[in-house]
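Asks: The structure that follows is given in the form of structure tokens.
The values are calculated or read from the model by the stated rules, or taken from the named source; none is laboratory data. Model, not experiment: these values are computed from the prediction. Methodologically, a virtual Cβ is constructed for each residue, glycine included, from the backbone with ideal geometry; neighbour enumeration extends over all protein chains shown.
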Ligand code: ADP
Ligand code: MG
């Protein structure tokens, strides 16, 4: 007897060859197949009289072929078959390109259902290459048709047939994972109905009912799983820290911490003294001073003899952390090391020895911290900065270097609360919602191409006054066509240098450079050795150049608002008045409106909510790197209400049955395990 994990090639009607093509869509099991949800639908339920057809719209027509079709050869060796179909109200011309067989399978006097886009003019209605089926034998017309995301070699027809076979095959297998009382309480349909109607809706209403149920189910499973993870963590012991007074640390700082920084640090301190491993996200806008919270934690852990590791996503950032933290900890005779891909072999060996012996208390670095030969004497705290750039796997493999160390994640991507619950659902959250005093607002302008000359004059003026300028260009094309990036930004910098600012010093930074090159460009810029830094978004994270007061972003429309906000955080770090100019080309009203949000507020949370509303959650991270099971059907920007409901329901259920061990919850527990075990490496 088959189950939902059966490979699709064993499903009646699918077979080896079809299964191979479906694999390209990541469909392997029966479960995958029925969970391959349509991205849209086409309503082909109603047929329309020919006379009422509207030019440019898609429609279904029930009509009889009036003449034998004719066939001609046209240029390029192509053939064209023409036919005419009529109903009570008028006549419709049918044109088929390269479908010579139509000549013989359309029969005069017979009635067909045609579906296609209506073309022609006021006098003549036409459909080009319509879908057609003989009346009474309809599969593709007369109903609401699913539209699936496709890949080469797989058509809508192939997919919808495969899904049909899949649904038929699992009619008796589909166990409802939602407990009955949850289903009833939230007014949800049975899962059989849901799967049938999400693919082949019997009506728009049925589709809505099905969708609601499946979205709820998905969010419910996710929430249950996350909550179980969280409580599982409560059962293990973490590195114990003695409660120590933070006063000496505070005294060593050149400024006093903001209230928000202190609260976050207090949260961490409580976690680290609890005997359980801390698993905390510290979220705060750019410039809100997360590094000092991290520093406080490191200091605190060291008071109890624990080593710490601080992982940054780029070498530049690791370097900068090192430069900030090493002198600070030096005052406490705590030793810091910087370990990156470009650390020389000899130095690296010394660092490894120091870490293994415990002489080094804090290791700051990039992915290099993850390589196998890095062993710690007594690793108690792992901090990752700007976590969304790390795969969650990497976070996990760093923490595997010790038994359940405390984990602190720093993120400058403000995330709307509901979304944070999903993405960081297994983390506790501290929010730094206050900037250090004296921080000034960056004046932001969204302008079009015709301001270019004025902007150039403005740049010149800033440089003359002794400031420095960032010019940021977006990646050209897809993220992975990196050669383009280098070419575009290099050419652009050269053009600026030769034609616009021959008298200014322009430097260049892009993602294709070797870490060492990047670093030297960045530190030269920080040292004031160049006036303008042209770069791609590699400067986005963390880099601190207080003398840079102006940022110009080219093609700003290609960035997400949150990303622009982060970029903007690179300026306004010094005492001079700071500016951010968002240049967008052509620019629809919609683009301008989007960018205007940035000119109106500096509040990262507001901006991220707007971003979520406008672009949906998928774009939040560029890629889904957080490692949670991706939601297949829930759209977190629209389904917030349902998310709330699902979270409440999950909480209630887990209160009654924390392990989901009751027999009526076994299907649910099995699905959760399956959903999360696929990502087992993310779950420790
Ligand atoms: P982010 O949260 O973006 O990582 P940083 O930790 O890099 O922010 O801090 C930004 C700047 O603010 C740094 O130069 C830091 O020294 C400074 N800073 C941090 N906390 C305070 C504070 N309480 N008062 C004044 N300056 C602070
Ligand atoms: Mg930072």
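Asks: Residues of segment 168-181 being surrounded by fewer than 20 Cβ atoms within 10 Å (Cβ to Cβ) and in a helix (DSSP H, G or I), which ones?
Replies: The answer is 168, 180, 181.
Asks: Tell me which strands (runs of 3 or more DSSP E) are completely within segment 57-98 and hold 1 or more residues being more than 23 Å from residue 140 (Cα to Cα), or say none if there are none. Full working, then the answer.
Replies: Details: elements: 58-65, 70-74, 78-87, 90-97.
Fully inside segment 57-98 and qualifying: 70-74, 78-87, 90-97.
Asks: Cβ-Cβ below 7 Å, separation at least six or inter-chain, first residue in segment 284-295 and without any contact (Cβ under 8 Å) to a residue 60 or more places away in the chain, second within 6 Å of ligand 1 (Cβ to nearest atom) and in a loop (DSSP other than H, G, I, E, B): which pairs?
Replies: Note: pairs meeting the criteria are 292/257.
Asks: In segment 253-277, how many are closer than 22 Å to residue 437 by Cα and in a loop (DSSP other than H, G, I, E, B)?
Replies: Summing the residues that are closer than 22 Å to residue 437 by Cα and in a loop (DSSP other than H, G, I, E, B) in segment 253-277 gives 6.
Asks: With the requirement that a residue be part of a loop (DSSP other than H, G, I, E, B), crowded, with 23+ Cβ neighbours inside 10 Å and more than 9 Å from ligand 1 (Cβ to nearest atom), what does segment 280-328 give you?
Replies: Matches in segment 280-328: 306, 312, 314.
Asks: Before we move on, is residue 108 at pLDDT 90 or above and touching a strand residue (DSSP E or B) at 6+ places or on another chain (Cβ under 8 Å)?
Replies: In short, yes.
Asks: Restricting the search to segment 304-335, which residues are touching a strand residue (DSSP E or B) at 6+ places or on another chain (Cβ under 9 Å) and farther than 18 Å from residue 289 by Cα?
Replies: 304, 305, 306, 307, 308, 309, 315, 330, 334, 335 - these are the residues of segment 304-335 that are touching a strand residue (DSSP E or B) at 6+ places or on another chain (Cβ under 9 Å) and farther than 18 Å from residue 289 by Cα.
Here's the yes/no breakdown for (1) in contact with a helix residue (DSSP H, G or I) (Cβ under 8 Å, 6 or more places away or on another chain); (2) within 30 Å of residue 199 (Cα to Cα):
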position: 82; (1), (2): no, no
position: 86; (1), (2): yes, no
position: 98; (1), (2): no, no
position: 101; (1), (2): no, no
position: 115; (1), (2): no, yes
position: 119; (1), (2): no, yes
position: 133; (1), (2): no, yes
position: 140; (1), (2): yes, yes
position: 143; (1), (2): no, yes
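Asks: What about residue 549, is it out of contact with any strand residue (DSSP E or B) (no Cβ under 6 Å at 6 or more places or on another chain) and either in a strand (DSSP E or B) or within 16 Å of ligand 2 (Cβ to nearest atom) (or both)?
Replies: So residue 549 fits the description; yes.
Asks: Here's a follow-up. Take residue 81 and tell me if it is more than 27 Å from residue 162 (Cα to Cα), surrounded by 17 or more Cβ atoms within 10 Å (Cβ to Cβ) and touching a residue at least 12 places away in the same chain (Cβ under 8 Å).
Replies: Values: more than 27 Å from residue 162 (Cα to Cα): yes; surrounded by 17 or more Cβ atoms within 10 Å (Cβ to Cβ): yes; touching a residue at least 12 places away in the same chain (Cβ under 8 Å): yes.
Answer is yes for this residue.
Asks: Among the residues of segment 135-145, are any free of Cβ contacts under 8 Å to residues at least 24 places away in the same chain, exposed (fewer than 13 other Cβ atoms within 10 Å of the Cβ) and closer than 30 Å to residue 644 by Cβ?
Replies: no
Asks: Taking interchain pairs and intrachain pairs at least six residues apart, which have beta carbon atoms under 6 angstrom, with the first residue in segment 241-265 and in contact (Cβ under 8 Å) with a residue 12 or more places away in the chain and under 20 Å from residue 277 (Cα atoms) and the second within 16 Å of ligand 2 (Cβ to nearest atom) and assigned to a helix (DSSP H, G or I)?
Replies: 264/293; 265/293; 265/296
Asks: Could you list, in sequence order, all residues of segment 183-201 that are touching a residue at least 40 places away in the same chain (Cβ under 8 Å) and surrounded by fewer than 20 Cβ atoms within 10 Å (Cβ to Cβ)?
Replies: First, pick out the residues of segment 183-201 that are touching a residue at least 40 places away in the same chain (Cβ under 8 Å): 185-186, 195, 198-201.
185, 186, listed by residue number.
Asks: Somewhere in segment 345-366, is a residue free of Cβ contacts under 8 Å to residues at least 12 places away in the same chain, in a helix (DSSP H, G or I) and buried (at least 17 other Cβ atoms within 10 Å of the Cβ)?
Replies: If we filter segment 345-366 for residues that are free of Cβ contacts under 8 Å to residues at least 12 places away in the same chain, which is where we start, we get 345-350, 353.
Keeping just the survivors that are in a helix (DSSP H, G or I) gives 345-350, 353.
Now narrow it down to the ones that are buried (at least 17 other Cβ atoms within 10 Å of the Cβ): 348.
Yes, the conditions are met somewhere in segment 345-366.
Asks: Tell me, which residue of segment 555-581 that is more than 16 Å from ligand 2 (Cβ to nearest atom) and within 23 Å of the chain's Cα centre (by Cα) is nearest to residue 527 (Cα to Cα)?
Replies: Once the filter is applied, the top-ranked residue is 564.
Asks: Which of the residues that make up segment 233-252 are modelled with pLDDT of 90 or more, in a loop (DSSP other than H, G, I, E, B) and either surrounded by 15 or more Cβ atoms within 10 Å (Cβ to Cβ) or within 16 Å of ligand 2 (Cβ to nearest atom) (or both)?
Replies: If the condition is that a residue be modelled with pLDDT of 90 or more, in a loop (DSSP other than H, G, I, E, B) and either surrounded by 15 or more Cβ atoms within 10 Å (Cβ to Cβ) or within 16 Å of ligand 2 (Cβ to nearest atom) (or both), then 239, 241, 246 are the ones that fit.
Asks: Which numbered condition in (1) modelled with pLDDT of 75 or more; (2) within 16 Å of ligand 2 (Cβ to nearest atom); (3) part of a helix (DSSP H, G or I) is the only one that residue 458 fails?
Replies: (2)
Asks: Now a separate question. Could you tell me whether segment 281-295 includes any residue that is modelled with pLDDT of 95 or more and closer than 22 Å to residue 375 by Cα?
Replies: For segment 281-295, residues modelled with pLDDT of 95 or more and closer than 22 Å to residue 375 by Cα: present.
Asks: Do you know which of the residues in segment 554-590 that are touching a strand residue (DSSP E or B) at 6+ places or on another chain (Cβ under 7 Å) and without any contact (Cβ under 8 Å) to a residue 60 or more places away in the chain is farthest from ligand 1 (Cβ to nearest atom)?
Replies: Going through the qualifying residues, I end up with 557.
Asks: Filter segment 203-228 down to the residues that are without any contact (Cβ under 8 Å) to a residue 40 or more places away in the chain and surrounded by fewer than 21 Cβ atoms within 10 Å (Cβ to Cβ), then identify the one that is nearest to the chain's Cα centre (by Cα).
Replies: Selected residue: 208.
Asks: Does any residue of segment 385-403 turn out to be modelled with pLDDT of 75 or more and in a helix (DSSP H, G or I)?
Replies: no
Asks: Specify which of the listed residues (252, 244) is within 16 Å of ligand 1 (Cβ to nearest atom) and either in contact with a helix residue (DSSP H, G or I) (Cβ under 8 Å, 6 or more places away or on another chain) or closer than 28 Å to residue 671 by Cα (or both).
Replies: Unique residue meeting the criteria: 252.
Asks: Can you go through 275, 259, 289 and tell me which one is more than 29 Å from the chain's Cα centre (by Cα) and at positive phi?
Replies: From the options 275, 259, 289, the qualifying one is 275.
Asks: Considering (1) more than 16 Å from ligand 2 (Cβ to nearest atom); (2) within 27 Å of the chain's Cα centre (by Cα); (3) surrounded by 19 or more Cβ atoms within 10 Å (Cβ to Cβ), say which one residue 264 fails and leave the rest.
Replies: Unmet for residue 264, out of (1) more than 16 Å from ligand 2 (Cβ to nearest atom); (2) within 27 Å of the chain's Cα centre (by Cα); (3) surrounded by 19 or more Cβ atoms within 10 Å (Cβ to Cβ): (1).
Asks: Looking at 344, 276, which is the one that is under 29 Å from residue 429 (Cα atoms), out of contact with any strand residue (DSSP E or B) (no Cβ under 7 Å at 6 or more places or on another chain), away from ligand 2 (no atom under 16 Å from the Cβ) and modelled with pLDDT under 95? Break it down into steps so the answer makes sense when it comes.
Replies: Working: 344 fails: under 29 Å from residue 429 (Cα atoms).
Unique residue meeting the criteria: 276.
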